[in-house]
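Accompanying notes for the structure given below.
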Amino acid sequence: MTVDTSANDWTKARRKPVKSSATQDDSRTDKFSGRIVYEQGLLSNVSILRIGAVMNDETAVPRTPAVCLEPDWTPTQRPDLPLNLDWKQAASARFEFSFDLPAAVPCLGLGERFSALDLRGTVHTLLATDNSDHNEAADPLYKSIPFLILYSGNQSIALFLDSAAPQKWDLDSALNERAKISLLTRRGWQLYVFGPAPVPDLVAAYTQLTGRCDQPPRWSLGHFQCRWSYPDDQTVRDLAVEFRSRQIPCDTIVLDIDYMDEYRVFTVSGERFPRFNSMVSDLSAINFRLVTIVDPGVKYDFDYATFTEGSRLDLFCKKADGTLFLDEVWPGVSAFPDFMKQETRSWWSEKLRFYTDQGISGIWNDMNEPAFFGKKVVLDPDALELPEPERQLFMQETESGPVGHLEVRNLYGFEMCRATREGLLKQRPDERPFVLTRSAYAGIQRHAAVWLGDNMSWWEHLRKAVPMLLNVGLSGMAFCGVDIGGFGGHGSAELLVRWYEQGIFYPFFRNHSMMESRAQEPWMFGEDVESKIRHLIETRYKLLPYIETLFFEHRTTGAPLMRPLLWHYPDDTVAARVSDQFLFGRDILVAPVVERATVIRPVYFPEGRWHSIDSDQVFTGPSFHAVKLELGKVPAFVREGAIVPLAEVMQSTAEYRDNGITFYIFGDTADGAFYEDDGSSFACLRGSYNLWQLTWQNGNLHSECRKDGCEGSTRKYRIKHGLTERSVELNTTR
Ligand code: GLC
């Protein structure tokens, strides 16, 4: 074979220097001529400094909707700033921040990053992007959460740069122990500096400021089955029957884009789902819920009411010259609602009646970066400034007037989810809504659960799911998960089982895959695999009381359900570096196998004794142990000293109300908590719930009723301690 090299200009390689954004600082002078406002506040006992940059030509600091609770701010003079924090306006549409990043300080949080737990050593771009190439170079991704924790045990510090404009966080890529953020905006910003404080306190304060996830509807904590796409009525019905006849627990079937009439949102294909209403009610009769996907792109079609209505009401994004912005997505050429406008959100939330009227339980908002097939790159990755507003893709209407899309792009998904949640609440005021989103900005946890987009059926993606979800949880998004089994590519029996072993601990628990990939419903790989997966999903359902108790803990403290070991063991320097294990609440340590043909893996056990869930083995920490984790076994260990409430196996969470609960007691003295509510209404937010603090001493269970606010069920309680098992009564104050 001859190779013609004449077409290649090899000198080009030398002409383009490798850029490090840490050193590329073209302008040394500060162009800022506005006003900096310093304020001090306190949340969750953590002191917060807010630094606000007000531009000269702006009357107010532009606010994002991230912050939902303002502490009592006290104006202050410029205080001493930690970490030699500094900033300047380097160009008319660029601010640069820098701060020290000592080598020993791991960086955590920052939302969704394709990374190990520690985010150091590279640049993280925050600009909402539909990026399905999840590899080492994947940057940016779908979500933009500018909240970073600099971990120093109980003296950790966190930064939250509240601006929806594009940001690049260079976490010491030059290895000179300095970090740099470049923010491309013309609109000012607010930087919150939290701490120093322990990580749980920082997250408590951040989630007080930006909100927490409410107690989810119980059904949304069950198993979701999804595929792009179950094409018709009969397939969906058969799928539900298959789950029930095989006795594999499942609560929800998710309908991907093909349920629609040519991908027109707020329609159903009459051809493929001719009896949509009756399908929904037949499924409901066997305790199945339906969730439908709703994308933002509205088909450009003058015979389609949603499009003509949105145009007439002037609710779509328009270019600076006043013409409609159009690009292609699934429906072909489409218009995009401007969710920054209150009128658009109200319109959209009203339109959701289409789904609630037909008994749809929840909404999945996808492609809401928003994704455009025609314009995959919305900003040159090397851009040092934002283009002028009129040269950006389109304009958006904010409360402080029209702005270029890029200034607020990171809010598109957030505002769409806000509209969706408001719609569900309007239509069903007494039911907790369920919204799932791909794109997000800080504070999204108030409106939606998140999943991490288009992963692949690859072992590497199974491995990365743990640190990615840990950082997502530390960034406030406690209700999170990734597609179990992997979305793209062809899975294997072994991978699917290993994925369920890990996935039963995802707060959001969904199996999803794309159309060309090998089917991965739990029974697709034969009986042995099916029975292993059944055992794992049953374990998930048994954990329901523990999971609901953890969500109660989240809403009262901000603690994520999946936590890095450092959360509970801040003095353990080894625990701080563990990226491939996690704590599910305080008491369950999960150490998933993430490699093919592997049954033994090193597991780090923090201080104490740890009891394997699926075997009789007990391990003592602090220490690494080589642990045998056979395929299909739950890769988790309970801390000695814990009481864990477990339910009986059920096929759907609808069976939970009267389901018996057993308190599993580990050790001679132990404690734990148990929370219950009605599982669906908002009464729990007004105090209608029950909460017990349980202690075990001298062979007796003491149940202190901390809250006795809702009618108990007729369920029976038992305890299990070693070989002893007996029924117990819980104290009530009634
Ligand atoms: C996007 C989503 C994926 C979905 C597909 C079709 O790729 O991330 O989950 O299945 O669109 O709607």
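The values are calculated or read from the model by the stated rules, or taken from the named source; none is laboratory data. All values derive from a computational prediction rather than experimental measurement. Using ideal geometry, Cβ is built from the backbone for each residue, glycine included, and neighbour counts are taken over all protein chains shown. Side chains are part of the model used for accessible areas, which takes the heavy atoms of the whole protein and leaves out ligands, DNA and RNA. Shrake-Rupley method; radii C 1.70, N 1.55, O 1.52, S 1.80 Å.
Which condition number in (1) free of Cβ contacts under 8 Å to residues at least 40 places away in the same chain; (2) assigned to a loop (DSSP other than H, G, I, E, B); (3) open to solvent by less than 10 Å² (accessible area, probe 1.4 Å) is the one that Q520 fails?
(1)
Output the number of residues of segment 492-508 satisfying the condition of being open to solvent by 10 Å² or more (accessible area, probe 1.4 Å) and either within 16 Å of the ligand (Cβ to nearest atom) or among the acidic types (D, E) (or both).
The initial filter retains those residues of segment 492-508 that are open to solvent by 10 Å² or more (accessible area, probe 1.4 Å), namely 492-494.
Applying the additional criterion that residues be either within 16 Å of the ligand (Cβ to nearest atom) or among the acidic types (D, E) (or both) yields 494.
Selection size over segment 492-508: 1.
List pairs: first residue in segment 283-302 and within 12 Å of G332 (Cβ to Cβ) and away from the ligand (no atom under 12 Å from the Cβ), second residue among the polar types (S, T, N, Q) and part of a strand (DSSP E or B) anywhere in the structure, Cβ distance under 6 angstrom, at least six positions apart or on different chains.
Between residues of segment 283-302 that are within 12 Å of G332 (Cβ to Cβ) and away from the ligand (no atom under 12 Å from the Cβ) and residues that are among the polar types (S, T, N, Q) and part of a strand (DSSP E or B), the close pairs are V298/S334; K299/S334; Y300/S334.
Would you mind finding the one in F266, F273 that is over 19 Å from P370 (Cα atoms), open to solvent by less than 30 Å² (accessible area, probe 1.4 Å), part of a loop (DSSP other than H, G, I, E, B) and touching a residue at least 12 places away in the same chain (Cβ under 8 Å)? Quick ask: steps written out before the conclusion?
Values: F266 fails: over 19 Å from P370 (Cα atoms).
After ruling out the rest, the residue left standing is F273.
Within segment 164-183, track down each residue that is on the phi < 0 side of the Ramachandran plot, open to solvent by 10 Å² or more (accessible area, probe 1.4 Å) and part of a loop (DSSP other than H, G, I, E, B). Spell out the reasoning first.
We begin by selecting, within segment 164-183, every residue on the phi < 0 side of the Ramachandran plot; these are 164-171, 173-174, 176, 178-183.
Pick out the ones that are also open to solvent by 10 Å² or more (accessible area, probe 1.4 Å) and you get 168, 173-174, 176, 178, 180, 182.
Those that are on the phi < 0 side of the Ramachandran plot, open to solvent by 10 Å² or more (accessible area, probe 1.4 Å) and part of a loop (DSSP other than H, G, I, E, B): S173, A174, N176.
Output the number of residues of segment 122-149 satisfying the condition of being open to solvent by 10 Å² or more (accessible area, probe 1.4 Å), away from the ligand (no atom under 16 Å from the Cβ) and within 14 Å of W169 (Cβ to Cβ).
Residues that pass the stated criteria total 5.
Give me the pairs, please: first residue somewhere in segment 543-572 and farther than 21 Å from S475 by Cβ, second residue anywhere and part of a strand (DSSP E or B) and polar (S, T, N, Q), beta-carbon distance under 9 Å, and either six or more positions apart or on two chains.
Qualifying pairs under 9 Å: D571/N154.
Checking F414 against (1) in contact with a helix residue (DSSP H, G or I) (Cβ under 9 Å, 6 or more places away or on another chain); (2) assigned to a loop (DSSP other than H, G, I, E, B); (3) within 30 Å of F508 (Cβ to Cβ), which test does it fail?
Failed condition: (2).
Given the structure, is S400 more than 18 Å from L290 (Cα to Cα), polar (S, T, N, Q) and surrounded by 24 or more Cβ atoms within 10 Å (Cβ to Cβ)?
On the way: more than 18 Å from L290 (Cα to Cα): yes; polar (S, T, N, Q): yes; surrounded by 24 or more Cβ atoms within 10 Å (Cβ to Cβ): no.
For S400, the condition - more than 18 Å from L290 (Cα to Cα), polar (S, T, N, Q) and surrounded by 24 or more Cβ atoms within 10 Å (Cβ to Cβ) - is not met.
When you go through V236, V254 one by one, which is the residue that is within 26 Å of P217 (Cβ to Cβ), under 26 Å from the mean Cα position of the chain (by Cα) and open to solvent by less than 60 Å² (accessible area, probe 1.4 Å)? Spell out how you get there, then give the answer.
Values: V236 fails: under 26 Å from the mean Cα position of the chain (by Cα).
Only one candidate passes the filter, namely V254.
Does any residue of segment 65-86 turn out to be more than 14 Å from D170 (Cα to Cα), under 19 Å from the mean Cα position of the chain (by Cα) and not hydrophobic (A, V, I, L, M, F, W, C)?
yes
Name the one entry in H490, H447, H461 that is in contact with a Cys (Cβ under 7 Å, 6 or more places away or on another chain) and modelled with pLDDT of 95 or more. Give the derivation first.
On the way: H490 fails: in contact with a Cys (Cβ under 7 Å, 6 or more places away or on another chain); H461 fails: in contact with a Cys (Cβ under 7 Å, 6 or more places away or on another chain).
Of the residues listed, the single one that is in contact with a Cys (Cβ under 7 Å, 6 or more places away or on another chain) and modelled with pLDDT of 95 or more is H447.
Just checking, which of L119, L108 is open to solvent by less than 20 Å² (accessible area, probe 1.4 Å), aliphatic (A, V, I, L, M) and outside any loop (DSSP other than H, G, I, E, B)?
On the way: L119 fails: outside any loop (DSSP other than H, G, I, E, B).
Among L119, L108, only L108 is open to solvent by less than 20 Å² (accessible area, probe 1.4 Å), aliphatic (A, V, I, L, M) and outside any loop (DSSP other than H, G, I, E, B).
Just give me the residues in segment 537-549 being open to solvent by 10 Å² or more (accessible area, probe 1.4 Å) and more than 17 Å from F243 (Cβ to Cβ), in sequence order. Please lay out each step first, then the result.
Of segment 537-549, the ones open to solvent by 10 Å² or more (accessible area, probe 1.4 Å) are 538-539, 542, 546, 549.
If the condition is that a residue be open to solvent by 10 Å² or more (accessible area, probe 1.4 Å) and more than 17 Å from F243 (Cβ to Cβ), then K542, Y546, T549 are the ones that fit.
Considering only segment 83-99, state which residues are within 30 Å of A576 (Cβ to Cβ) and surrounded by fewer than 16 Cβ atoms within 10 Å (Cβ to Cβ). Can you show your working first?
Restricting attention to segment 83-99, the residues satisfying the condition of being within 30 Å of A576 (Cβ to Cβ) are 83-87, 96-99.
N84, D86 - these are the residues of segment 83-99 that are within 30 Å of A576 (Cβ to Cβ) and surrounded by fewer than 16 Cβ atoms within 10 Å (Cβ to Cβ).
P433 - would you say it is more than 16 Å from the ligand (Cβ to nearest atom), open to solvent by 10 Å² or more (accessible area, probe 1.4 Å), at pLDDT 95 or above and touching a helix residue (DSSP H, G or I) at 6+ places or on another chain (Cβ under 6 Å)?
Working: more than 16 Å from the ligand (Cβ to nearest atom): yes; open to solvent by 10 Å² or more (accessible area, probe 1.4 Å): yes; at pLDDT 95 or above: yes; touching a helix residue (DSSP H, G or I) at 6+ places or on another chain (Cβ under 6 Å): yes.
So P433 passes the test.
Quick check on this structure: which one of G481, G453, G491 is within 8 Å of the chain's Cα centre (by Cα) and over 16 Å from T207 (Cβ atoms)?
That would be G481, the only listed residue that is within 8 Å of the chain's Cα centre (by Cα) and over 16 Å from T207 (Cβ atoms).
Output the residues belonging to segment 470-490 that are part of a loop (DSSP other than H, G, I, E, B), away from the ligand (no atom under 15 Å from the Cβ) and crowded, with 24+ Cβ neighbours inside 10 Å.
Here is the first cut: in segment 470-490, the ones part of a loop (DSSP other than H, G, I, E, B) are 475-479, 482-483, 485-487, 489-490.
Those left that are additionally away from the ligand (no atom under 15 Å from the Cβ): 475-479, 490.
Within segment 470-490, S475, G476, M477, A478, F479 qualify.
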